[in-house]
1. Show the residues, 5+ positions off or on another chain, whose built amide H is closer than 5 Å to the amide H of Met172.
2. Report the antiparallel proportion of the DSSP beta bridges in the range 2-181 as a percent, rounded to a multiple of 5.
3. For a footprinting-style exposure proxy, rank Thr15, Thr175 by other Cβ within 10 Å, fewest first.
4. When Lys and Arg each count +1 and Asp and Glu each count -1, what net charge do the other residues less than 12 Å away from Asp91, Cβ to Cβ, add up to?
5. Suppose only helical runs count, i.e. DSSP H with n ≥ 4. What mean residue ellipticity at 222 nm does that imply for the chain under -39500 (n - 2.57) per run, divided by all residues and rounded to the nearest 500 deg cm²/dmol?
6. Taking every pair of alpha-carbon atoms in the chain, give the share separated by more than 21 Å as a whole percent.
7. If each residue of separation counts as 0.36 nm, what is the full-extension length gain between Ser19 and Glu34 once their alpha-carbon separation is subtracted?
8. If each of Ser111 and Lys181 carries a label point 7 Å out from its Cα toward its Cβ, how far apart are those two points in nm?
Amino acid sequence: MIAEAKAELRKKMLTQRNSLDQDFVHESSKSIAEKLFAEEHFKNARTIAFYIPKGSEVDTRFMIDALEEDREILVPITKDEIEMVQLKSFDNLGPGRFGVPEPREKIPPSSFSDVVIVPGVAFGLCMHRLGYGLGYYDRFLSRSPAFRIGICYDFQVEEKLPTHENDQRMDMIITEKRIIKL
């Protein structure tokens, strides 16, 4: 029952997200970045894990570019599990699993990330997220002590999400319109 509800919501959200025009994606991503960069946990973080966007996801590339060089930026490589590695240059990215660009050179992080910027297909006011359905981020987050910030477009936030006991919660969700915290 939960699996079917998740699959239905995932299909609805991806259809809507994939129909967005690039101007909306760009402007919304800029608005999300402004809120993110003003957030205390983010401002104080020395090591930040981002995702490299795929398709219509909130664009994080210019956010990464805008950070000072004294911050360590991590991005995921996905094999059997997500492993965060240092991002030194966008020129170093190559095709990865599921069509998501990944660093070709695997440079281990110098420390755990202070903050993880988490993608999602949908988020709930309950602070849970709905991903693509394979559990990679939930397993990664279950091992990570980092402050979790989900970023998405406002229409991706639902009152309540169907959840499973392994689904991980966010500490904060940021959209182009609002910041959601418990």
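1. Here the answer is Arg148, Gly150, since their amide H atoms fall under 5 Å of that of Met172.
2. On the way: 14 of 28 bridges.
The antiparallel proportion sits near 50 percent.
3. On the way: Thr15 9, Thr175 21.
In increasing order of surrounding Cβ atoms, one gets Thr15, Thr175.
4. Working: positive: Lys88, Arg104; negative: Glu105.
Combined, the nearby Lys, Arg, Asp and Glu give +1.
5. Values: 5 runs with 53 residues, N = 182.
Mean residue ellipticity at 222 nm (helix-derived): -8500 deg cm²/dmol.
6. Details: 7718 of 16471 pairs.
In whole percent, the long-distance tail amounts to 47.
7. Details: separation 15, 0.36 × 15 = 5.40 nm, distance 2.40 nm.
Working it through step by step, the gained length comes to 3.0 nm.
8. The two pseudo-label positions are separated by 2.2 nm.
Since every read-out is calculated from the coordinates, none of them should be taken as a lab result. Model, not experiment: these values are computed from the prediction. Cβ coordinates were reconstructed from backbone atoms using ideal geometry, including for glycine residues, and neighbour counts include every protein chain displayed.
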